[in-house]
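All remarks here apply to the structure that follows.
The values are calculated or read from the model by the stated rules, or taken from the named source; none is laboratory data. Values in this document were obtained by computation on a predicted structure and should not be read as measured data. Cβ placement follows ideal geometry from the backbone for every residue including glycine, while neighbour counts extend to all protein chains displayed.
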Amino acid sequence: MNHIEDLCKFLDSSPVNFCAAENVCQRLDTAGFARLDMRDAWQLKPGGRYYVVQNGSAVFAFIAGYGPAWSGFDIIAAHSDSPGFRIKPKCEIDVEGMTKLNTEVYGGPIFYTWFDRPLSIAGRVALRGEDPLRPKFATVNMKRPLLVIPHLAIHFNRQVNEGNKLSAQKDMLPVAALGCKEPKGLIRRLVAEELGVDTDDILDYELSLYPCENAVVTGVDGEMICSGRLDDLSMVHAGLTALLATADVASEHTRVLAVFDNEETGSGTKQGAASPILEHILRRIVLSAGSEEDYMRAVASSFMISADNAHGLHPNYVEKYDPTNHPVLGGGPCIKVNANCKYMTDADSAAAFRRVCELAGVPCQSFVNHSDVAGGSTLGNILTSKIPLRGVDMGALVWAMHSACETASTADHIYTIRAFTTFYGLYPAK
Ligand code: ZN
């Protein structure tokens, strides 16, 4: 299977963060990675393949280096979550026999793109377990169209194409059923049936909506890919593909793939980049063979690629972009720069990443915001407030970031995998 077909498969089977994390774990299991528990004592071997799962939605994979304990970490970081709508605890609302669901916005989706398309439900369910403080979890993916958010007909709002403000609470609620005899508890019953469990055993859930359309390659020569969640699952896929491609190559450095959750809401959870989770894992890797000083030395010898998608020049809105730094889809991975340090990139780390691309034989671009546009932020800077890592913020380009269907370049994805593969192979064991 080629990388683009594999990316499509990964995107289609990862409609929400929990499914994405589960898919990453499955691929790691297949490649012989052993799952570690943060509650256990760790015994690590040079060349050993390991991963840690946090909250079922973040995954930290690493291949222990052959170098001394103070050898650096080569880290690629990305995120598993994407903007959308989450189903509230008591969710069913009956309107004249029509059952709609009460939802809450997660992150910053483009509301318009969620209308009038079949939607399904995925997430995780917490089930009654023996330890009251530790429920059992089941990931659920309904995999079939169940809902739709119907737009108001133009006849009720003739000005709709001149700008139409949308309310998350009024306009965006999906319809699940017509003529349902018992709307109360409908979603719990549906999920219980899917999982083959008793409704009473479902203690809680985190369920989200997702568009049912699969990823597709488009463009006259197949230059583009359209899918939900390209931000940031395409970077997760590129990082994972590179890690697995280089897993058999012995390295001095410990190679790390960090897939965080909750980037879209500011990373402030125990599974997000603002928590000390990565710091704890890196420290434990070093302490299993060395000292606290070795950890400090290892951090000083490390480099991180914070991989999160960037904005490619949109042919209909060129005026929104910087006049001299407006990277284009298909032009290669893109370094993100910001004078006010919203990105971790500096001349040092940009130079390092340019060299990686040069060695990989792939083109490399730069993104800077138009000076009158505020722009976004990402993982890199949040992480450096926890661990003083050198590193670069970069990403492959997309159009319509946070749309239910984003567009990226197929060539850029191949370039990014090549750059990441080169990065993980920089320090072969002596
Ligand atoms: Zn992102």
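Descriptive notes on the structure:
- Scan of segment 251-265 for residues that are within 12 Å of the ligand (Cβ to nearest atom) and charged (D, E, K, R), ordered by number: ASP261, GLU263, GLU264
- Segment 187-211, residues that are in contact with a Leu (Cβ under 9 Å, 6 or more places away or on another chain) and more than 15 Å from LYS136 (Cβ to Cβ): ILE187, LEU190, LEU209, TYR210, PRO211
- Some residue of segment 228-245 being within 22 Å of the chain's Cα centre (by Cα), away from the ligand (no atom under 16 Å from the Cβ), under 30 Å from GLU92 (Cβ atoms) and surrounded by fewer than 18 Cβ atoms within 10 Å (Cβ to Cβ): no
- Output for segment 70-83, where each listed residue is surrounded by 24 or more Cβ atoms within 10 Å (Cβ to Cβ) and either outside the structural domain of LEU278 (by TED's automatic domain parsing) or within 13 Å of the chain's Cα centre (by Cα) (or both): ILE76, ALA77, ALA78, HIS79, SER80, ASP81, SER82
- Looking only at residues in segment 306-334 that are outside any loop (DSSP other than H, G, I, E, B) and within 16 Å of the ligand (Cβ to nearest atom), the one that is surrounded by the most Cβ atoms within 10 Å (Cβ to Cβ) is SER306.
- Apart from one condition, GLU92 fits all of (1) within 16 Å of the ligand (Cβ to nearest atom); (2) not assigned by TED's automatic domain parsing to the domain that holds SER349; the exception is (1).
- Per the conditions (1) in contact with a helix residue (DSSP H, G or I) (Cβ under 9 Å, 6 or more places away or on another chain); (2) crowded, with 20+ Cβ neighbours inside 10 Å, the sole criterion not satisfied by CYS19 is (1).
- Here GLY268 clears all of (1) touching a strand residue (DSSP E or B) at 6+ places or on another chain (Cβ under 9 Å); (2) within 16 Å of the ligand (Cβ to nearest atom); (3) of a type outside the set (Lys, Arg) except the condition numbered (1).
- Qualifying residues in segment 80-89 (those that are in contact (Cβ under 8 Å) with a residue 40 or more places away in the chain and part of a strand (DSSP E or B)) - the one farthest from the ligand (Cβ to nearest atom): PRO89
- Condition met for GLU193 (under 25 Å from ILE110 (Cα atoms) and either part of a helix (DSSP H, G or I) or more than 16 Å from the ligand (Cβ to nearest atom) (or both)): no
- Test for ALA77: is it of a type in the set (Gly, Ala, Ser), more than 19 Å from SER288 (Cβ to Cβ) and either in a strand (DSSP E or B) or free of Cβ contacts under 8 Å to residues at least 24 places away in the same chain (or both): yes
- Selection from segment 374-405 of residues that are out of contact with any Cys (no Cβ under 7 Å at 6 or more places or on another chain) and more than 30 Å from SER301 (Cα to Cα): ALA374, GLY375, VAL398, TRP399, ALA400, MET401, HIS402, SER403, ALA404
- Residue match in segment 290-305 (condition: closer than 30 Å to VAL398 by Cβ, within 16 Å of the ligand (Cβ to nearest atom) and part of a strand (DSSP E or B)): yes
- Consider segment 92-125 and keep the residues that are on the phi > 0 side of the Ramachandran plot and part of a loop (DSSP other than H, G, I, E, B). The one that is surrounded by the most Cβ atoms within 10 Å (Cβ to Cβ) is GLY107.
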